[in-house]
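No lab work stands behind these numbers, since they all come straight from the coordinates. In this text the structure is predicted, and so the values were computed from the model without any measurement. Ideal geometry is used to build each Cβ from the backbone, glycine not excepted, and the neighbour counts take in all protein chains shown.
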Amino acid sequence: MKKFLSLALALVMVLALAACGGDNTDDGGNDDGTFKFERKIEIVCPWGAGGGADTTVRQFATQLEKELGQTVVVNNVAGAGGVSGVQYAVQQPADGYTWLLCTPSPMLAQITGATEFDVYGSIKPVCNLVWDCNIFVTGKDAPYNNYKELMEYVEANPGSVQCGVMSLTGLDGACVVAAFGDKIEAVGYSEGSQLNSDVIGNHVGLACVGPAEVISMIQSGDMKAIMACTEERMTIDEYKDVECAGELGVDCYYGPYRGIYCKNDMPQAAIDAFAAAAEKAVASEEFQEWAKTQGLDQRTGWMDPATYQAQWDADHEELTGLFG
């Protein structure tokens, strides 16, 4: 009799739990198929603190917290041109609480053979936040002031000019190849401050950088801009008189779009909920004002999941054709 009562009590408890729907607090799933964030959210940044990717994701995280009502932390996992951070992110559970800030650079590292890790096949685009551009700059004492003078100098002095980049396998390195072919060699740097110092001191004749990263040195006159890697001239006061690749007919428009990615098996409900909150965060007055101060208003930044996926796929095909 006691054994029968024990079995009956266990059955009642199982039925009661089933009626309650179990415990959904961990996965945030609701009965209607939507997703609610119920604890701290992590965004992995594959580059170190202080760079363009890091400052973008931290500004975004501040606004995203307001939309989700949950703490959003940034975890910098740098190394291997961004690939280490991608690998770390895909090793985390696909539960809606770990996301990845990324650019096409790790994918380009895969295409060029710098890594065997399948970046393209391991992550899924969720939404794009901003779309930056690159610009070529030189020191104030360089014997050239624009693209035409630079190329004339290079023709007269073969091998005399190198271009510093932060990633030989990244989009800045791709810009150098697209703009100059084998006439100017790209050289890699691990620290932006060292690259800037070498440009100002004329230890390296050129640098491919983001406009916001060197604007203070442009303003001080320590650097001068040679060409913007954009379709049209930039509207920022410091760069509005700088020639752009579009008007010069130079096909080097590669610029790092910075967006959010996730593992391929992330629940669609979590992706939809994150993208909806992210759109409001990016559209906020605070984020838009910050983007403007960084020169990130030169291109349309926001892309929804479908648009972003199409851009990601198109770039994979184009970059594979050029550098694969």
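The distance between label points at Ala78 and Ala310 comes to 3.6 nm (points 7 Å beyond Cα on the Cα→Cβ vector). Entry note: the range 136-212 has Rg to Rh equal to 0.93, where both radii use alpha-carbon atoms and Rh is the Kirkwood radius. A simple spin-label model places pseudo-atoms 7 Å from Cα toward Cβ; at Thr34 and Asp141 they are separated by 6.4 nm. Neighbour counts of C-beta atoms inside 10 Å place Glu185, Glu285, Glu67 in the sequence Glu285, Glu185, Glu67, starting with the fewest. Starting from the Cα gyration tensor of the range 148-263, take the square roots of the eigenvalues, sort them a ≥ b ≥ c, and report rounded, prolate or oblate (rounded when a/c is under 1.5, otherwise prolate if a/b is larger than b/c, else oblate). Rounded, because the longest to shortest axis ratio a/c is under 1.5.
The orientation-averaged shadow of the Cα convex hull for the chain, equal to a quarter of the hull surface, comes to 19.4 nm².
Taken about its Cα centre, the chain carries a charge dipole of roughly 1040 debye when the Cβ of each Lys and Arg holds +1 and the Cβ of each Asp and Glu holds -1. Shape of the range 271-322 from the C-alpha gyration tensor: oblate (a/c of 1.5 or more and a/b not above b/c, with a ≥ b ≥ c the square roots of its eigenvalues). Using label points projected 7 Å from each Cα along Cα→Cβ, tell me how many nm separate Thr300 and Lys148, to one decimal. About 3.4 nm, to one decimal.
Remark: Cys133, Cys252 ranked as Cys252, Cys133, counting other beta-carbon atoms within 10 Å and listing the fewest first. Would you mind classifying the range 238-324 by shape? Square roots of the alpha carbon gyration tensor eigenvalues, ordered a ≥ b ≥ c; an a/c under 1.5 is rounded, otherwise it is prolate if a/b is larger than b/c and oblate if not. It is oblate, given that a/c is not under 1.5 and a/b is not larger than b/c.
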